[in-house]
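Visitor: Sharing a structure below in structure tokens format, with a few things to ask.
The values are calculated or read from the model by the stated rules, or taken from the named source; none is laboratory data. Note that the coordinates shown come from a computational prediction; the quantities given were computed from them, not determined experimentally. Backbone-built Cβ (ideal geometry, glycine too); neighbour counts: all protein chains shown. The protein model used for the area step is the full one, side chains on, heavy atoms only, and it has no ligands, DNA or RNA in it. Shrake-Rupley method; radii C 1.70, N 1.55, O 1.52, S 1.80 Å.
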Amino acid sequence: VRLLEDQLKPLLAARGISVPAGAKVVDRHELKRFMGSRHRIVLKALVAANDRAAAGQVVVVTRNRAFAELDRLLAAGDGVWAEEYVEYARECFVGLVWPGIDDAPTLLTSDKGGTGVSHGRPVHRHVYRAGESLTGPLASLPGMASVIRAVGDLFEELAAIALEINPLVVTPDGRLLALDAKAYLDPYGRRSPLGLESAVQSTNPLLEFARLDGQVGVLSIGAGLTRAVIDWLTVIGPGAACFSDLIPAVLADMTQLLAGEAGTESIRASAWLCDDLAARGRRSLLINLVSATPIDSLSKSVLAGLRKANWQGRVAVHLGGNRSAEAADFWRSEGIQPAPDLAAAIAAA
Amino acid sequence: MTILLDRTTRVLVHGASGAIGRYQTTGMRAYGTNVVGRISRSGEQGGEIPSFRSIGEAQAAVRADLLVSYAGAGYVGACAAEAFKAGIRTVVAVAEDVPFRDIVAARDAGRAARGLLIGPNTNGILSPGEARVGFFASEFGSPGRVGVVSRSGTLIYGALIELSRVGIGQSTVVGIGGGLARGTSALTVRDMFEADNATDVVVLLGEVGSTEEEDLAAGVKARPGKPVVALIIGAVGSPDDAMGHSGALVYDGKGGFEDKVGALRDAGVHVISHLGELAETVKRVAARSAGVAIK
């Protein structure tokens with residue numbers, strides 16, 4: 001989960017890190033209100049891109065160009081961040097990242113902005129939380145210990161994996177000011193009372209799904225096996241038309257499935273996939289049901305979904321795992337012969 | 001001999017009161033797993049299995065070797081810490097979506113107690129013909145001499161079907177977890193197989209994201225041993241999309257498909273291009289290794 005500028009800057013300000021006056025604007029009326037008597041401002045597209053300046057998504061504008069630039073940037077992202085223009089004498093960088101489970105959080109500092117990190121070292125939590133023992137190129141900057149402490153506090157509070165201020169600038173009168181910042185949060189981290197739940201991207205609750213360019217629809221259980229089948233299809237030729245993993249629906253239906261019944265959400269997800277494939281002109285579906293979940297009740301769900309969508313294309317079925325013999329009997333009773341192994345099912349599809 | 005789990009391993013079940021935990025506990029016992037107790041905070045009794053209100057209470061009575069937890073993500077950290085503190089050596093956590101910091105804390109509690117956290121987001125451990133914990137269906141796997149370690153649970157199922165179909169059995173199968181972080185690395189499990197006299201060949205089932213496979217490659221290169229056959233999934237698809245596994249996200253340019261395949265090949269690992277090549281490659285590799293007779 002990535003936090004954008006409009007979400008992060010108020011959090012930095014609340015912890016005592018100075019930020020330029022700014023506001024999220026979504027139309028000309030809001031921009032006019034923000035500009036007030038300001039002659040020059042900065043406009044930034046709110047997009048999750050790494051180098052917005054190079055992409056023309058951060059611009060310094062005067063009043064007479066502001067509305068035209070606003071319209072352009074609104075087309076690029078989810079709103080625009082408008083900010084007072086600040087003169088500064090020096091650019092720096094400060095960040096905390098947690099590279100992996102076997103690493104300690106690492107404090108990164110640099111006396112340049114941009115991507116040139118010149119000093120990094122693993123630090124124990126008490127170091128960055130206290131803002132003590134700061135070494136490296138920024139150690140002598142007045143106020144830096146407070147910034148590190150605030151970044152450390154926020155890093156913990158947000159359950160962040162990475163949080164950086166880039167650039168952190170020094171104004172001509174010696175103040176530190178966060179001109180830009182970003183954070184990546186642990187998607188499963190506990191939600192702090194910061195109202196950030198909306199930052200979590202919503203996903204289809206019924207089906208882990210992605211459209212691909214190939215020909216064969218793949219309906220499978222579990223991300224790993226689904227991806228393995230997609231790779232296999234690609235290596236041998238036709239490629240997959242989608243990544244579609246039934247796991248969310250299976251979890252929602254677990255009580256029904258364990259009771260031997262077709263699952264409501266599994267039926268809906270299967271039908272939804274068939275509709276999507278048909279709408280894209282795909283005519284072949286590989287159903288690969290291999291799981292510790294009862295495969296017979298899941299088979300009932302999938303077939304009901306195919307019928308609900310009135311699927312007219314080819315169907316190849318491979319089964320394995322819990323109650324797969326009973327599932328094979330079910331498919332045969334419905335006139336579909338399951339393939340003896342996955343290779344045969346892929347060939348048939 | 002197997003690694004981590006056999007029919008004598010004393011298993012305690014946490015989260016056995018829910019529908020999934022109850023279902024899997026019945027399945028584990030039917031398979032032969034030595035389930036010695038279950039944790040029920042409410043005091044609910046579990047039929048033939050002794051029920052305890054806490055892990056500490058259970059441990060004093062049954063001296064478990066391994067705890068398998070079917071409880072939700074929010075319970076994993078505390079459960080693992082309590083289990084390691086009580087002297088349980090191996091904790092298997094199946095829950096998905098466990099916060100990164102909870103995994104780190106649980107892993108550290110295990111290290112401090114010289115224990116091992118398997119998972120989270122794992123389908124568990126299977127020693128075919130001996131015992132299983134987690135989500136393995138009894139139909140998967142057959143006894144033999146191939147050790148399997150995987151980040152993906154369902155990919156294990158596919159691989160076991162492919163291997164068993166042509167008569168290649170497995171010593172132990174370990175799902176280390178498909179999330180952002182895990183308590184035990186693929187390299188640690190490979191090293192266990194290296195020391196296991198019941199394992200002749202190791203199969204690694206990896207995927208894009210993280211540096212798990214690169215780390216294993218470095219270990220194999222530094223300490224060559226039994227042949228390793230690897231399948232890396234995720235050749236197709238955008239590196240920006242984890243496609244179901246949070247741990248399969250290529251972040252900051254690290255963990256890409258080509259990097260992993262290159263590192264593994266450089267270490268002498270036999271990398272296959274799709275699942276359909278697994279069984280034949282294992283057979284061929286085993287035949288090349290003098291004295292190795294794969295069942």
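Visitor: Using +1 on the beta carbon of Lys and Arg, -1 on that of Asp and Glu, and nothing else charged, what's the dipole of the protein assembly as shown about the Cα centre, debye to 20? Could you put the intermediate results ahead of the total?
Guide: Numbers: 66 positive and 68 negative charges, 61 e Å.
Roughly 300 debye for the protein assembly as shown.
Visitor: In what order, largest first, do A:ARG323, B:ARG53 sit by accessible area if the probe radius is 1.4 Å?
Guide: Values: A:ARG323 100, B:ARG53 130 Å².
Of A:ARG323, B:ARG53, the descending order of accessible area is B:ARG53, A:ARG323.
Visitor: What figure, in Å² to the nearest 10, do you get for the accessible area of A:LYS300 with a 1.4 Å probe and non-protein molecules left out?
Guide: Solvent-accessible area, nearest 10 Å²: 80 Å².
Visitor: Shifting gears a bit: Go ahead and run the numbers for FRET between A:VAL235 and A:SER140, Cβ-Cβ distance against an R0 of 60 Å, rounding to 0.05.
Guide: 0.60
Visitor: Right, another one. Could you order A:TRP272, A:TRP81 so the one with the most accessible surface comes first? Probe is 1.4 Å. The partial results should precede the final answer.
Guide: Details: A:TRP272 100, A:TRP81 15 Å².
Ranked list, largest accessible area first: A:TRP272, A:TRP81.
Visitor: Could you compute how much accessible surface B:HIS14 exposes when probed at 1.4 Å, giving the result in Å² to the nearest 10?
Guide: Here the accessible area works out near 10 Å².
Visitor: Just checking the output field for B:94-100: average partner chain Cβ neighbours within 10 Å of each residue's Cβ?
Guide: Details: counts 0, 1, 3, 3, 2, 6, 11.
Shielding by partners across B:94-100 averages 4.
Visitor: At a probe size of 1.4 Å, how large is the accessible area of A:ASP186, to the nearest 10 Å²?
Guide: For A:ASP186, solvent-accessible area is about 0 Å².
Visitor: From the helices alone, meaning DSSP H stretches of at least four residues, give me the mean residue ellipticity at 222 nm for chain B, per-run term -39500 (n - 2.57), in deg cm²/dmol to the nearest 500.
Guide: Details: 9 runs with 98 residues, N = 295.
Computed ellipticity for chain B at 222 nm equals -10000 deg cm²/dmol.
Visitor: Still on this model: Could you size up the charge dipole of chain A around its Cα centre, putting +1 on the beta carbon of Lys and Arg and -1 on that of Asp and Glu, and report it in debye to the nearest 20? Don't skip to the answer; put the middle values down first.
Guide: Values: 36 positive and 38 negative charges, 172 e Å.
Charge dipole of chain A: 820 debye, to the nearest 20.
Visitor: Under the Karplus relation 6.51 cos²θ - 1.76 cosθ + 1.60, θ = phi - 60°, what is the ordered set of whole-Hz ³J(HN,Hα) values for region B:120-134, x standing for Gly and Pro?
Guide: In residue order, the calculated couplings are x, 6, 10, 8, x, 10, 10, 10, x, x, 10, 6, 9, 9, x Hz.
Visitor: Moving to a separate point now. Can you flag which of A:LYS112/B:LYS221; A:LYS44/B:LYS260; A:LYS9/B:LYS260; B:LYS221/B:LYS283 are past 28 Å Cα-Cα?
Guide: Correct reply: A:LYS112/B:LYS221; A:LYS44/B:LYS260; A:LYS9/B:LYS260.
Visitor: DSSP loop GluC sites (Glu not before Pro) in region B:8-88 with at most 14 other Cβ atoms within 10 Å of their Cβ, which ones?
Guide: Working: sites: B:GLU44, B:GLU48, B:GLU57, B:GLU82; in loops: B:GLU44, B:GLU48.
When the GluC sites (Glu not before Pro) of region B:8-88 are filtered for loop state and at most 14 Cβ neighbours within 10 Å, B:GLU44, B:GLU48 remain.
Visitor: Over all alpha-carbon pairs in region A:1-53, figure out the percentage whose distance exceeds 13 Å.
Guide: Working: 908 of 1378 pairs.
Tail fraction, whole percent: 66.
Visitor: Pop out the carbon and sulfur fraction of the accessible area of region B:6-116 as a percent, whole number, probe 1.4 Å. Don't jump to the answer; show the numbers that get you there.
Guide: Values: 2340 of 4710 Å².
Of all accessible area on region B:6-116, carbon and sulfur atoms account for 50 percent.
Visitor: Follow-up. What do you get for the angle between helix A:295-308 and the principal long axis of chain A? Use alpha-carbon atoms, 0 to 90 degrees, nearest ten.
Guide: For helix A:295-308, the angle is close to 90 degrees.
Visitor: Same structure, new question: May I ask you to evaluate 6.51 cos²θ - 1.76 cosθ + 1.60, the Karplus curve with θ = phi - 60°, for each residue of region A:174-186 and list the ³J(HN,Hα) values in order in whole Hz, giving x for glycine and proline?
Guide: Rounded to whole hertz, the list is x, 7, 8, 9, 8, 7, 8, 7, 8, 8, 10, 9, 5.
Visitor: Next question, about the same structure. At 222 nm, what value in deg cm²/dmol follows for chain A if DSSP H runs of at least 4 each add -39500 (n - 2.57) and the sum is divided by all its residues, to the nearest 500?
Guide: Values: 12 runs with 122 residues, N = 349.
It lands at -10500 deg cm²/dmol.
Visitor: Also, I was wondering about something else. Using amide H atoms built 1.01 Å from N in the peptide plane, name the residues 5+ places from B:ALA230, or on other chains, whose amide H lies under 5 Å from its own.
Guide: B:LEU204, B:HIS270, B:VAL271, B:ILE272
Visitor: Could you give the nm distance between label points at A:GLU87 and B:SER273, where each point is 7 Å from its Cα heading toward the beta carbon?
Guide: Spacing of the two 7 Å Cα→Cβ label points: 6.3 nm.
Visitor: Can I ask one more? Within region B:1-41, report the trypsin sites (Lys or Arg not before Pro) that DSSP leaves as loop and that have at most 15 other Cβ atoms within 10 Å.
Guide: Values: sites: B:ARG7, B:ARG10, B:ARG22, B:ARG29, B:ARG38, B:ARG41; in loops: B:ARG7, B:ARG41.
Filter output for region B:1-41: B:ARG7, B:ARG41.
Visitor: About its Cα centre, how strong a charge dipole does region B:46-94 have in debye, to the nearest 20, once Lys and Arg get +1 and Asp and Glu get -1 at the Cβ?
Guide: On the way: 4 positive and 4 negative charges, 25 e Å.
Once rounded to the nearest 20, the dipole reads 120 debye.
Visitor: Quick one: what are the phi-derived ³J(HN,Hα) couplings along region B:15-27, Karplus 6.51/-1.76/1.60 with θ = phi - 60°, whole Hz, x for glycine and proline?
Guide: x, 7, 7, x, 4, 5, x, 5, 4, 6, 5, 4, x
Visitor: Right, something else. Enumerate the lysines that A:LYS300 could reach by cross-link, defined here as Cα to Cα under 25 Å, with residues fewer than 8 away along the same chain left out.
Guide: A:LYS308
Visitor: Hey, got a sec? Which trypsin sites (Lys or Arg not before Pro) in region B:103-162 land in a DSSP loop and have at most 15 other Cβ atoms within 10 Å?
Guide: Values: sites: B:ARG107, B:ARG111, B:ARG114, B:ARG132, B:ARG145, B:ARG151; in loops: B:ARG114, B:ARG151.
Taking region B:103-162 and a limit of 15 other Cβ atoms within 10 Å, the loop trypsin sites (Lys or Arg not before Pro) found are B:ARG114.
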